[in-house]
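Structure, as structure tokens:
What follows draws every value from the coordinates through simple rules; no lab data is involved. Everything numeric in this text was worked out from a predicted model, so none of it was measured. Please note: Cβ atoms are built from the backbone with ideal geometry, for glycine as well, and neighbour counts cover all protein chains shown.
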Amino acid sequence: MISRIIYYLHKAEEGFLAFLLAAMTLVTFSQVVARYVFNSGVVWALELTTFLFAWLVIMGISYGLRIHSHIGVDALVKLFSPNGQRVAGLMAVSAGLVYAGLLLYGSWDQVIGIIYTYEIEAEDLKIPLWIPQSVLLIGFTLMIWRLLVAAYRIFTGRDVGLTLGDEGQDAMAAYADHDDKKAEDLRHHDDLEIEKQIEAEEKAAKKGDDK
């Protein structure tokens, strides 16, 4: 049951990011057409696009951690033993937690301590500014959560270290035989594991019903 909930939450996250990208593209395109074809436009379009882009980027940080798409230099770390790679991974996670914690603290101070307290509004959209800037609190909280999950996976031996994006491996998988299970994109292995857990639960439930 928990695996299924996590799986659908992941899909909702991906859908929300896709919506942000589509909305940003649509607003920008409509303003280009309005300006150069109809010599018109709306004042708040630029501000809305800026907010949408900010949400996409900041929410994308934690999403990138989940699918292991952040690029890093790990040539030296791969020379270590598995235990050495785990130590390096935990050090990287610890540094990320400190960084995210500082950003979350500063964001809370700005969004709640200043913008919300003094009821500051957005310049063009005329909405409370804390609403679009709340992405700072949401995004960095999710970042901390995903780093804690990464630390848990390292502690339990599910990952050798902090898994980073491997463009070469992804490219090989993209052009490999799709019927080959070994050619699955490793960036999505969390969802693949959850799907396998859901399938196992469904098979177990089916066997119980048959009995």
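Tabulated data for the structure shown
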| quantity | calculated |
| --- | --- |
| Given (1) touching a strand residue (DSSP E or B) at 6+ places or on another chain (Cβ under 7 Å); (2) loosely packed, with under 14 Cβ neighbours inside 10 Å; (3) not hydroxyl-bearing (S, T, Y), number of the condition P128 does not satisfy | (2) |
| Residue in the range 130-152 that is charged (D, E, K, R) and without any contact (Cβ under 8 Å) to a residue 24 or more places away in the chain present | no |
| Which listed residue, of Y36, Y63, Y105, is free of Cβ contacts under 8 Å to residues at least 40 places away in the same chain, within 30 Å of D159 (Cβ to Cβ) and either touching a Lys or Arg at 6+ places or on another chain (Cβ under 7 Å) or of a type in the set (F, W, Y) (or both) | Y105 |
| Selection within the range 104-140 - of a type in the set (V, I, T) and closer than 16 Å to F51 by Cβ | V111, I115, I120, I127, I131, V135, I138 |
| Among residues of the range 114-156, those that are among the β-branched types (V, I, T) and in a helix (DSSP H, G or I), counted | 9 |
| Hits in the range 85-114 - residues which are among the aromatic types (F, W, Y) and out of contact with any helix residue (DSSP H, G or I) (no Cβ under 7 Å at 6 or more places or on another chain) | Y99, Y105 |
| Filter pass, E123 being of a type in the set (D, E, K, R), surrounded by 14 or more Cβ atoms within 10 Å (Cβ to Cβ), more than 29 Å from I154 (Cα to Cα) and in contact (Cβ under 8 Å) with a residue 12 or more places away in the chain | no |
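Matching residues to (1) of a type outside the set (F, W, Y); (2) over 24 Å from Q133 (Cα atoms); (3) surrounded by 11 or more Cβ atoms within 10 Å (Cβ to Cβ); (4) touching a Ser or Thr at 6+ places or on another chain (Cβ under 9 Å):
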site	(1), (2), (3), (4)
F16	no, no, yes, no
A45	yes, no, yes, yes
I58	yes, no, yes, no
F80	no, yes, yes, no
